[in-house]
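Engineer: Before I ask anything, here is the structure I am working with.
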Amino acid sequence: MTPPAGPFDRVNRVRLATLPTPLEAGPAIGRGTSLWVKRDDLTGLGGGGNKARKLEFLCGDARARGAGALVTVGAAQSNHCRMTAAAGATLGIDVHLVLSGDEPNDVQGNLLLSRLFGASLHFTGTHESDWHALESARRSLTDELEAAGLAPYSIPIGGSTPVGAVGYAAALVELMDQCDAARIAPAAVVFTSSSGGTHAGLLAGRALLAAQDIAMPPIVAIGVAKGVNLGRPDVVDLGNEALGLTGHGDVAIDPDDVEIDPRWIGDDYAVPTAAGDDAIIWAASQRGWLMDRTYTGKGLSGLLGLAEEGRFGPSDHVVFIHTGGWPALFAEQGRPD
Ligand SMILES: *Cc1c(COP(=O)(O)O)cnc(C)c1O
């Protein structure tokens with residue numbers, strides 16, 4: 001069953017992504033479970049990835065508010081910053097990126113692409129996992145641009161606002177339609193989570209479909225950051241606010257549906273793990289899938305680990321949402337060992 005036409009029509013949107021992304025059958029994992037990969041690395045925008053879906057709604061909101069510039073924040077190798085730069089280029093809006101660390105001599109990976117897309121880069125000298133320092137630098141820059149009369153639209157880390165999360169509510173509806181077409185009922189939808197917006201959106205989409213009596217798989221987040229939004233109340237609130245924006249404020253996320261597996265993060269955000277590196281090499285060898293050391297390598301290592309532990313049976317299907325990240329492979333320390 002599909003939901004009524006246009007459950008997200010009330011929310012301002014600009015088209016930036018190539019949708020729907022493919023749902024691709026992969027090899028067996030664990031005890032013989034069938035792996036499917038939702039190719040959100042192929043959303044197109046500036047090299048693709050999950051942020052393209054959030055940016056369709058964030059930029060729709062920015063445009064509706066008459067924004068004169070976009071401001072956002074992230075690690076120097078932020079995929080979100082890279083795709084925001086591409087969105088600004090597409091829409092003809094100036095983009096300011098607040099980034100961790102100092103300006104490197106040799107610009108690589110996502111940073112190289114952000115610069116190529118024409119964004120102004122503001123280095124803060126802060127550590128890449130110090131999200132509080134990055135967020136306060138974003139607020140200062142936003143205030144400066146505001147004072148200069150530029151009417152900036154300022155986007156928090158990862159684009160994880162209620163508006164951004166709507167993109168992943170829509171993505172889950174798209175995915176469930178594809179599962180129906182492939183005649184599979186997945187035992188779980190697994191993905192890589194850091195700032196929580198993707199998770200919040202997926203849970204919002206799940207609640208929306210469950211409210212129509214559609215049987216829904218659990219949503220399993222593999223956590224790769226100890227960030228401010230990783231906690232349970234944040235994700236539920238964010239998702240419920242997203243539901244409110246879509247006009248479905250009568251639907252609510254059950255807090256018991258929040259599942260975040262923190263075991264695959266290793267020492268910290270963006271610090272590689274052996275299991276993550278193995279997963280990158282495995283994914284490349286199986287289907288030429290490109291994963292990265294900060295996000296999808298660790299996320300897939302979590303899914304493979306759950307399969308090894310026996311969470312899924314031989315007749316089960318599981319979906320991994322590939323959220324992107326390949327440009328970081330071409331950055332310093334981006335190559336798996
Ligand atoms: C941002 C990102 C994620 C996590 O998404 P959140 O909504 O921030 O939790 C996962 N994978 C990749 C490649 C990303 O860039």
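Engineer: Restricting the count to DSSP beta bridges whose residues both fall in segment 1-120, what percent are antiparallel, rounded to a multiple of 5? Show your work: numbers first, answer last.
Structural biologist: On the way: 5 of 12 bridges.
Of the beta bridges lying entirely in segment 1-120, close to 40 percent run antiparallel.
Engineer: Continuing with the same structure: If R₀ is 30 angstrom, what is the calculated FRET efficiency for the pair Thr18 and Glu332, using the beta carbon separation as r and rounding to 0.05?
Structural biologist: Details: r = 29 Å, r/R0 = 0.98.
Given R0 = 30 Å and the Cβ-Cβ separation, E is 0.55.
Engineer: Right, another one. Taking all protein chains as present, what is the carbon and sulfur share of the accessible area of the chain, in % to the nearest whole number, probe 1.4 Å? Before the final figure, lay out the partial values.
Structural biologist: On the way: 6440 of 13130 Å².
Within the chain, the accessible surface is 49 percent carbon and sulfur.
Engineer: Please go through segment 209-313 and write out the trypsin sites (Lys or Arg not before Pro) that DSSP classes as loop and that have at most 15 other C-beta atoms within 10 Å. Could the numbers behind the result be given before it?
Structural biologist: Values: sites: Lys226, Arg263, Arg287, Arg293, Lys298, Arg311; in loops: Lys226, Arg263, Arg293, Arg311.
The qualifying sites are Lys226, Arg263.
Engineer: While we're here: Roughly how many Å² of Met216 are accessible to a 1.4 Å probe, to the nearest 10?
Structural biologist: Using a 1.4 Å probe on the heavy atoms, I get roughly 30 Å².
Engineer: Can you give the FRET efficiency for Arg287 and Asp102, using 1/(1 + (r/R0)^6), R0 = 41 Å, r = Cβ-Cβ distance, to the nearest 0.05? Present the calculation step by step, with values, prior to reporting the outcome.
Structural biologist: Working: r = 38 Å, r/R0 = 0.92.
For R0 = 41 Å, the calculated efficiency reads 0.65.
Engineer: Probe of 1.4 angstrom, ligands and nucleic acids ignored: what's the accessible area per residue over segment 17-59, in square angstrom? Before the final figure, lay out each step's value.
Structural biologist: Details: 1140 Å² over 43 residues.
Roughly 27 Å² per residue, with all protein chains present.
Engineer: Here is a follow-up. Hey, could you get me the Stokes-Einstein D for segment 134-251, Kirkwood radius over alpha-carbon pairs, 25 °C and 0.890 mPa s, rounded to whole µm² s⁻¹?
Structural biologist: Values: Rh = 15.4 Å.
D, rounded to a whole number, is 160 µm²/s.
Engineer: Compute a Gaussian network model of the chain, connecting alpha carbons closer than 10 Å, and tell me which residue from Ser120, Ser160, Ser140 fluctuates the most.
Structural biologist: Ser140
Engineer: As a test of the definition: which semi-axes, in Å, follow for the chain when you take the square root of five times each eigenvalue of its alpha carbon gyration tensor? Largest first, please.
Structural biologist: They are 30, 24, 17 Å, listed largest first.
Engineer: So what is the relative contact order of the chain, in percent, for Cα pairs below 8 Å that sit 6 or more residues apart? Mind showing how you got there, number by number?
Structural biologist: Details: 746 pairs, mean separation 73.7, N = 337.
Result for the chain is 22 percent.
Engineer: Distance between the C-alpha centers of segment 87-139 and segment 315-337? Whole Å please.
Structural biologist: Cα centres, segment 87-139 to segment 315-337: 21 Å.
Engineer: Around Ala165, with a cut-off of 13 angstrom between Cβ atoms, what is the net charge of the other residues, counting Lys and Arg +1 and Asp and Glu -1? Walk me through the numbers before you get to the answer.
Structural biologist: Working: positive: Lys51, Arg53, Lys54, Arg206; negative: Glu56, Asp61, Asp234, Asp237, Glu241.
Neighbourhood net charge equals -1.
Engineer: A further question on this structure: Using alpha carbons only, how many angstrom separate the centre of segment 236-271 from the centre of segment 24-42?
Structural biologist: Segment 236-271 and segment 24-42 have Cα centres separated by 23 Å.
Engineer: Output the antiparallel fraction of DSSP beta bridges having both residues in the chain, as a percent to the nearest 5. Walk me through the numbers before you get to the answer.
Structural biologist: Working: 5 of 34 bridges.
Expressed as a percentage, antiparallel bridges in the chain total about 15.
Engineer: Then there is this: Place a +1 charge on the Cβ of each Lys and Arg in the chain and a -1 charge on the Cβ of each Asp and Glu, then give the dipole magnitude about the Cα centre in debye, rounded to the nearest 20. The partial results should precede the final answer.
Structural biologist: Details: 25 positive and 39 negative charges, 149 e Å.
Dipole magnitude for the chain comes out near 720 debye.
Engineer: Trypsin sites (Lys or Arg not before Pro), restricted to segment 23-82: which are DSSP loop and have at most 13 other Cβ atoms within 10 Å? Please list the in-between numbers first.
Structural biologist: Working: sites: Arg31, Lys38, Arg39, Lys51, Arg53, Lys54, Arg63, Arg65, Arg82; in loops: Arg31, Arg39, Arg65.
The qualifying sites are Arg65.
Engineer: Now a separate question. To the nearest 20 debye, what is the magnitude of the charge dipole of segment 225-317 about its Cα centre, counting +1 on the Cβ of each Lys and Arg and -1 on the Cβ of each Asp and Glu?
Structural biologist: Numbers: 7 positive and 17 negative charges, 82 e Å.
Roughly 400 debye for segment 225-317.
The values are calculated or read from the model by the stated rules, or taken from the named source; none is laboratory data. Worth saying up front: this structure is predicted, and the values here are computed from it rather than measured. All Cβ positions, glycine included, derive from the backbone under ideal geometry; neighbour counts span all protein chains shown. For the accessible areas, the whole protein counts, side chains as well, though only heavy atoms, and no ligand, DNA or RNA atoms are used. Shrake-Rupley method; radii C 1.70, N 1.55, O 1.52, S 1.80 Å.
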